[in-house]
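Since every read-out is calculated from the coordinates, none of them should be taken as a lab result. Quantities reported herein were computed from a predicted structural model and do not represent experimental measurements. Note that each Cβ is placed from the backbone with ideal geometry, even for glycine, and that neighbours are counted across all protein chains shown.
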2 protein chains.
Amino acid sequence: MTLEPPTHGAAGARIAAELREAILTGEHAPGTRIRQEDLAGRHGASRLPVREALRMLEAEGLVTLVANTGAWVSSLSLAECEEMYQIRERIEPLLLRFNVPLMSEADIDALELLADAMERSGEVEQFLRLDREFHLSCYTAAETSMLGDMVQGLWNRTQHYRRAFTRMFRSEGDRSVHHEHHLLVSAIRRRDADEAERVLAGHIRRTRLELARHPTVFEN
Amino acid sequence: MTLEPPTHGAAGARIAAELREAILTGEHAPGTRIRQEDLAGRHGASRLPVREALRMLEAEGLVTLVANTGAWVSSLSLAECEEMYQIRERIEPLLLRFNVPLMSEADIDALELLADAMERSGEVEQFLRLDREFHLSCYTAAETSMLGDMVQGLWNRTQHYRRAFTRMFRSEGDRSVHHEHHLLVSAIRRRDADEAERVLAGHIRRTRLELARHPTVFEN
DNA sequence: TTAGCCGTGATTGAATCCAATCACAACAGT
DNA sequence: ACTGTTGTGATTGGATTCAATCACGGCTAA
């Protein structure tokens, strides 16, 4: 009969979730200092659960902690970001392979709708949101124990730079992204895991090379 | 003039390191309950840094925390372990590729000595130690920002089951492991990254299939 | 003018104390 | 005999408090 969800034992996780969201939406840019007392005050808690939240986000790579000094929103160099894309290029196809036989036709229809919506999206934030949802929706059918979390973590860590790149350099004329998305949906619909893997790996690879061509995204 | 290394700000990390070691050596088996006060007393600290240490190990996957209930050494099911091996199969070859052009001849000589020593090792713990050192030594030349840590984390999480498998089923007559190790050294020496990737992926894959053939390792 | 030094303030790290939660066992009812 | 319930003890979660550390300013001296 406890209508109140037990707020005991989840304070750290709740604070972590809100801070994570603030970082992903761009509210807190990389390099921003995070003061423990600020967070504590903002959430009406003490500094102790705040430190737990910071530990969690540090483990996710979103926050960088320095002993006796403080916490900052993590920054990435171009080299680090390329490394993450190369990891994605290897493991996302594997995760996709797990999903291909498990997705329902309705799942695939929804995927195709997302790909269509992206083609019509003019605004940056909407584009980013749809792109993220499209790709992560390719991975929700398989119940993996850690691969799904790993992939989502890689998306989270690179989120800010994807936004910066899109804002600065996205050319409306570039159709190949949408083309690849539709190729991917088509391969999934045919349940052709090998082809789906190839298309996805190529898609990520092309994105990485495109990003590497614009190192100014990572300056400061 | 501080001869004392600043013990401030590192208590959690130190406790985490010792607990990690205790888990990896098999001193604490999966499923073992970890009481915060025990750890605190054993390390002469309060429960607060212990909780930080547990958070760190939880992030590494070595410890499982349940709110308001306690902490246990993480267990793996066969399916989870297979998933980790499949991830390793994809990302370790990538990490190896980064290393192949950077390893010195001396590095490669040391690697070959390790492979030789493994062939002569009769005792399980020594075999495990040499095997771990052999593989991780393939990855120390490249300074990656996170790929190296990911791989090490996967080795750590599966360490206990590698030990259990080796204890129960290792047949002295199986030469293919050593054969593959020497093939790997040879490919590295020729700086043939493609071949090295292939050999390593096959090696991990073969190990996974072998493991899947003995599900009793994961019972209890 | 500039480089090095030192003191102060701000911020984090850790210990103790109290409250909330859960596991377990004894008990009562069927 | 078995199942559902309730109470107690053990254990974890969080707040407050104090100690250690670091960043940053002004100051002195070359």
* Asked: Can you list the residues, at least 5 places off or on another chain, whose amide H is less than 5 Å from the amide H of B:Ile34, using H built in the peptide plane?
  -> B:Ala71, B:Trp72, B:Val73
* State, in angstrom, two size descriptors of chain A derived from its alpha carbons: Rg to one decimal place and Dmax to the nearest whole number. => 19.0, 58
* Cα-based convex hull, region B:1-90, per residue volume (Å³, whole number) -> 137 Å³
* **Inter-probe distance in nm under a simple model that places probes 7 Å from Cα toward Cβ, at A:Leu102 and A:Thr7** => 3.6 nm
* **For B:Gln126, label point 7 Å along C-beta direction: distances to other copies, nm** => 6.9
* To do: Can you list the distances in nanometres, one decimal and ascending, from the B:Thr140 label point to the identical position in each other copy, with the point 7 Å along Cα to Cβ?
  => 4.5
* Asked: Sorted by mean Cβ packing within 10 Å, highest first, what order do the peptides A:198-206, A:141-149 take?
  -> A:198-206, A:141-149
* Asked: Angle between the Cα long axis of helix A:11-24 and the longest principal axis of chain A, 0 to 90 degrees, nearest 10?
  -> 50 degrees
* Structure fact -> With Cα coordinates, the longest principal axis of chain A makes an angle with the long axis of helix A:124-137, in degrees rounded to 10, of 80 degrees
* Asked: Roughly what percent of Cα-Cα pairs across region A:94-217 reach past 17 Å?
  -> 58 percent
* **Check: region B:68-180 dipole with +1 on Lys, Arg Cβ and -1 on Asp, Glu Cβ, in debye** => 440 debye
* Considering only A:Leu95, A:Phe165, A:Leu130, whose Cα is most displaced toward the positive end of the charge dipole of region A:70-168, charges sitting on Cβ of Lys, Arg (+1) and Asp, Glu (-1)? -> A:Phe165
* Asked: Taking 1 over the mean of 1/r across every pair of different Cα atoms in the protein assembly as shown, what Kirkwood radius in Å do you get?
  -> 24.1 Å
* Wrap a convex hull around the Cα atoms of region B:41-114, take a quarter of its surface area, and give that in square nanometres. => 8.8 nm²
* Structure fact -> In debye to the nearest 20, the charge dipole size for chain A, taken about the Cα centre with +1 at each Lys and Arg Cβ and -1 at each Asp and Glu Cβ, equals 560 debye
* To do: Taking each label point as 7 Å beyond Cα in the direction of the beta carbon, state the distances from A:Gly70 to the same residue in the other copies, shortest first, in nm.
  => 4.1
